[in-house]
Amino acid sequence: MEPEIIIRESFSDESDEFFDKIEKKNFDSKEIMELKIEAEEVSQDNEIKELLSYESIKKSLEYDLPHQREGALKILRDLNGSGLLADEVGLGKTVTAGIALRECIERGLVKNTLILTPPSLVDQWVAELKEKFNLDFKIIEKEEDWGTSPFVIASLDRVKIQYKDTQIFKHDRAHNISWDLLIVDEAHKLKDKNTVRWEFVDKLKKKRFLILTATPFQNDLFELYNLLNLLKRGHLGTIQEFKKQFLHRGNKRHPLNPNDLKRRLDEVMVRRRRDQTKVSYRKRIPKIVPVELSQEEYRIYDSICDLLKTKYLSANGNEINGRLVIFAILPKITSSSRSAMESLKKIVDDQKYHQTTREIASRILSDYRMVKKDSKIEKLVELVGNILKEEKDAKMLIYTKHPTTLRYIVEKLQPFNLKIVEYLGGLDREEKSEIVKKFKEEAQIMLSTETGSEGLNFQFCHILINYDLPWNPMAVEQRIGRLDRIGQKSDMQIYSLATKKTIEEHVVDLIINKMCCIGLVIGELPIILFNLGLDERGTGGVNKIEEMLMNAFIDSKNNLDIFASEVEKIAEMLEKGMEDYKKAKTATMEVLDKNEGTGGA
């Protein structure tokens, strides 16, 4: 067998001489010129005019959407499998890419594939590829995983890590493999070429390259240039040529010669707006459900907060990292009384804590056991009853972060003869599918932990209840995203319980009213958080927004007014980020959608 020839485009931005040779067909090697001519002839002989695989996968797709199959066909027919898929947010770019991938495999064009996504989307991609396209992708967890499967998926943030001393990538094995197809999701994260993300992707050897993003640039057209230069070197010329031809002085969002730029983009891009498709999204209607605690409950709440603001001491007198302890405990005490009691019991039983700390926890635990009223669970029971009075056939998806709280809710709802299914971690694929089926066909309520907030589609349900709320807005967005899918026919009622005169009241208002239910389409919040640098984990190992909220609690020393003031500062920062995003979105549409009417792709 003759050795495989890999041609990897990698030349500098200043390669004017190279482009001149292409223009004049002035090649140093006659063989290279002949190979180019032969490749063009073969391409013409094998023009892709239809999707051979679509009939076999159509039954696995929830909806037959013309823009998705037409987009996949255009990627293969007109772009030879390499291009920018820039459909507007919410049009199902994952499915369009999956159709193109399945077709490439069917035609024998692709025998191995690497997909790079943000960490939060890895499992969702794996599930969709299996369920919709019958493709098994292995997740890259460690360096040794490379080469063990032809179809792999990885978190770009995980594999882009470099050793500081050598600048070598920890996952450099990926660069030794010739990929028939590389797919990068949320590719707006590659807008800066002076990042390790950009460098890692650039070094990959790929025959076909598909990048997915609704926002190829945010702040200026250089970001668009960097993304296109990664996709196809020289497509927009050198950086000097790009500046001269397309950039206004002092205006980096609005190009000179916009028609010429749009023509060049159309040569490598598939882009559809929502008004060009049959897809429409329903409204998210937030409904904060206030919970008034009894005096006993308020005293216990204050006692726990006082415990958390004191110095945690280990048994030998050394200070324990109070922030890490609070990061672990705080979400549980705002979840439910049962969850709070479980956390307190662990402190009491753990010998690493100082005796004084354990005694305080023990006293609070005793107080909890004496309380006869649980105002939050009573409010949930009342809410469920009211919903069923208004809509007797209503289906409700109830989320809690903690399995302990989930079991507690089930215990309190069971006496009302409701049909309930539970979705927790540890279930295999068949068990999960069976629970989802029961929820759709029989049950009135599905109770779920965060396990059920990724990769599941519940368009048949339009009522979501957050019994407790993660302090990470992306986790909340994942929850709502289970309902807010293509095919949802009703406006979604998003109920969130919030205990009055506690930190929970302010956190719920921030995340629900000012982030997740303010008119954004699903998929836009992650872009805004990325632009603000708030989409990754902070130093405490949790999402940066979550870390900011927890630090605000610690620094407030249980002063609710101080905490509320810090939350308002976060809200103002987010509001500015959203305004900047809207301006960038308008500028992006002016460039990408210039002179386009309505209609299909």
With the structure loaded, tell me whether V152 is in a loop (DSSP other than H, G, I, E, B), at pLDDT 95 or above and crowded, with 17+ Cβ neighbours inside 10 Å or whether it fails that test. no
Expected single match for farther than 27 Å from E477 by Cβ, of a type in the set (S, T, N, Q) and touching a residue at least 60 places away in the same chain (Cβ under 8 Å) among N134, N176 is N134
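Residues are listed down the side, and each one gets a yes or a no for (1) in contact (Cβ under 8 Å) with a residue 60 or more places away in the chain; (2) under 21 Å from V291 (Cα atoms):
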residue	(1), (2)
S339	yes, yes
E342	yes, no
K346	no, no
T356	no, no
S366	no, no
K372	no, yes
E378	no, yes
Exercise for review: With the condition kept exactly as written, say whether any residue in segment 238-245 is farther than 26 Å from N531 by Cβ and surrounded by 22 or more Cβ atoms within 10 Å (Cβ to Cβ).
Suggested key: no
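Scan segment 539-555 residue by residue and report those that are in a loop (DSSP other than H, G, I, E, B), touching a residue at least 12 places away in the same chain (Cβ under 8 Å) and either surrounded by fewer than 18 Cβ atoms within 10 Å (Cβ to Cβ) or among the acidic types (D, E) (or both).
Within segment 539-555, G540, G541 meet the criteria.
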Subset of segment 163-187, residues of a type in the set (A, V, I, L, M), more than 13 Å from F209 (Cβ to Cβ) and at pLDDT 95 or above, comes to A174, I177
The number of residues in segment 401-445 that are under 29 Å from K346 (Cα atoms) and surrounded by 14 or more Cβ atoms within 10 Å (Cβ to Cβ) is 17
All-but-one check, D123 against (1) touching a residue at least 24 places away in the same chain (Cβ under 8 Å); (2) not in a helix (DSSP H, G or I), failing number (2)
Flagged in segment 383-404 as of a type in the set (D, E, K, R) and more than 33 Å from the chain's Cα centre (by Cα), in numbering order, are K389, E390, K392
Residue hits (segment 113-144; over 20 Å from E430 (Cβ atoms) and buried (at least 17 other Cβ atoms within 10 Å of the Cβ)) are T113, L114, I115, L116, T117, P118, S120, L121, V122, W125, I140
Screening L101, L135, L61, L84 for residues that are under 22 Å from the mean Cα position of the chain (by Cα), part of a loop (DSSP other than H, G, I, E, B) and at pLDDT 95 or above leaves only L135
Per the filter on segment 348-397, residues within 16 Å of I329 (Cβ to Cβ) and among the small types (G, A, S) are A361, S362
Flag if H248 is exposed (fewer than 15 other Cβ atoms within 10 Å of the Cβ), in contact with a strand residue (DSSP E or B) (Cβ under 9 Å, 6 or more places away or on another chain) and either assigned by TED's automatic domain parsing to the domain that holds G71 or of a type in the set (A, V, I, L, M, F, W, C) (or both): yes
Okay, helices (runs of 4 or more DSSP H) sitting entirely in segment 426-538 with 3 or more residues that are out of contact with any Pro (no Cβ under 7 Å at 6 or more places or on another chain) and free of Cβ contacts under 8 Å to residues at least 60 places away in the same chain, I get 429-441
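Under the condition of being assigned to a helix (DSSP H, G or I) and of a type in the set (A, V, I, L, M, F, W, C), which residue from segment 353-377 is modelled with the highest pLDDT?
The residue in question is I377.
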Can we say T586 is in a helix (DSSP H, G or I) and either modelled with pLDDT under 90 or not assigned by TED's automatic domain parsing to the domain that holds E88 (or both)? yes
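The values are calculated or read from the model by the stated rules, or taken from the named source; none is laboratory data. No experiment lies behind these values; they were computed from the predicted model shown. As a convention, Cβ positions derive from the backbone with ideal geometry for all residues, glycine included, and neighbour counts pool all protein chains shown.
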